[in-house]
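First comes the structure, then the notes that go with it.
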Amino acid sequence: MNDVRRPHANRILVIIPAYQEEETIGEVVRNVYRHVPDASVVVVNDGSLDRTEEAARAAGAVVLTLPYNLGIGAAMQTGYRYADEEGFAIAIQVDGDGQHLPSEIPILLEELGRGTDLAIGARFLGRGDYDPPFLRKLGIRFFSFAVSTLVGRRFYDTTSGFRAANRRVIESFSRYYPYDYPEPEAILILSRAGFAVREVPARIQEREGGRSSITLRKSVYYLLKVFLALAVGRFRAPPD
């Protein structure tokens, strides 16, 4: 990464955080190039022990490899710092497990074009038939209710990791980004700082390979930890 920020001829960067995704990451990268041919792709390899890095490089992505598994927050901040330092105008988060559909990226870009700072692909706004397991659905509803209450505006899918950020958000997230299970807290932070955060309907599919790292024990841990982070974030000074 360079120290001097510069305008980038290729304005769109797709950030794919990946941990142990050798089965899917190559096809995810190829699908991004297929549907958004003008985009650049960076895969943040979060300390994977399998062939995630090799598969991502073979598919044509830039790969940033973290020394060990630091979690989604650190992986995404690494991606945002890369986007900031390389001068990208737009950064799009896409998961490495194949659940997010690159064909839906233009919907996020259209929303940014309307003046939105962070566009979130929401799974429960009338497109697609995504039906998560009961405990996950309960957690999604809980966080959506908590964030909506704290922000004072209704959100339906605060845990969605399919989102697009403009340059202002890239610069903010390159300086600070929440850790562990950061998506709900990120909405709270941006909303309190006066950024325009909006949801748009988006489809999702079941993961194409591997298995989720979120176990029942981790789900309970994240539920409590993120709720505490939201409560603290309510009083934290917003980013500059």
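Select the helices (runs of 4 or more DSSP H) contained entirely in the range 132-219, then report the ones holding at least 2 residues which are modelled with pLDDT under 85 and not small (Gly, Ala, Ser).
Once the helices (runs of 4 or more DSSP H) in the range 132-219 are filtered for at least 2 residues that are modelled with pLDDT under 85 and not small (Gly, Ala, Ser), what remains is 134-151.
In the range 98-114, how many are on the phi < 0 side of the Ramachandran plot, assigned to a loop (DSSP other than H, G, I, E, B) and either among the small types (Gly, Ala, Ser) or buried (at least 18 other Cβ atoms within 10 Å of the Cβ) (or both)?
2
Could you list, in sequence order, the residues of the range 149-167 that are buried (at least 16 other Cβ atoms within 10 Å of the Cβ) and either of a type in the set (Gly, Ala, Ser) or closer than 15 Å to ALA91 by Cβ (or both)?
SER160, GLY161, PHE162, ARG163, ALA164, ALA165, ASN166, ARG167
Of all residues in the range 159-177, which are out of contact with any strand residue (DSSP E or B) (no Cβ under 8 Å at 6 or more places or on another chain) and among the β-branched types (Val, Ile, Thr)?
Residue satisfying the conditions is THR159 alone.
Conditions tested, residue by residue: (1) farther than 25 Å from PRO178 by Cβ; (2) in contact with a Gly (Cβ under 6 Å, 6 or more places away or on another chain); (3) of a type outside the set (A, V, I, L, M, F, W, C).
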position: GLU21; (1), (2), (3): no, yes, yes
position: GLY26; (1), (2), (3): yes, no, yes
position: GLU54; (1), (2), (3): yes, no, yes
position: ARG57; (1), (2), (3): yes, no, yes
position: GLY71; (1), (2), (3): no, no, yes
position: MET76; (1), (2), (3): no, no, no
position: ILE92; (1), (2), (3): no, no, no
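Under 6 Å between Cβ atoms, at least 6 apart or on separate chains: pull out the pairs that start in the range 189-205 with a residue that is more than 15 Å from ASP157 (Cβ to Cβ) and of a type outside the set (A, V, I, L, M) and end on any residue that is at pLDDT 95 or above and assigned to a loop (DSSP other than H, G, I, E, B).
Taking only residues 6 or more apart or on different chains, the pairs are PHE195/ASP117.
Look at THR65 and say whether it is under 16 Å from ALA18 (Cα atoms) and at pLDDT 95 or above.
Considered against the rule, which asks whether it is under 16 Å from ALA18 (Cα atoms) and at pLDDT 95 or above, THR65 comes out as yes.
Within the range 155-194, take every residue that is within 18 Å of ILE15 (Cβ to Cβ) and aromatic (Phe, Trp, Tyr) and give me the one that is farthest from the chain's Cα centre (by Cα).
My answer is TYR176.
The values are calculated or read from the model by the stated rules, or taken from the named source; none is laboratory data. What you see is a predicted model, and the numbers here were worked out from it, not measured in a lab. Neighbour counts are summed over all protein chains in view; Cβ atoms, including those assigned to glycine, are modelled from backbone coordinates with ideal geometry.
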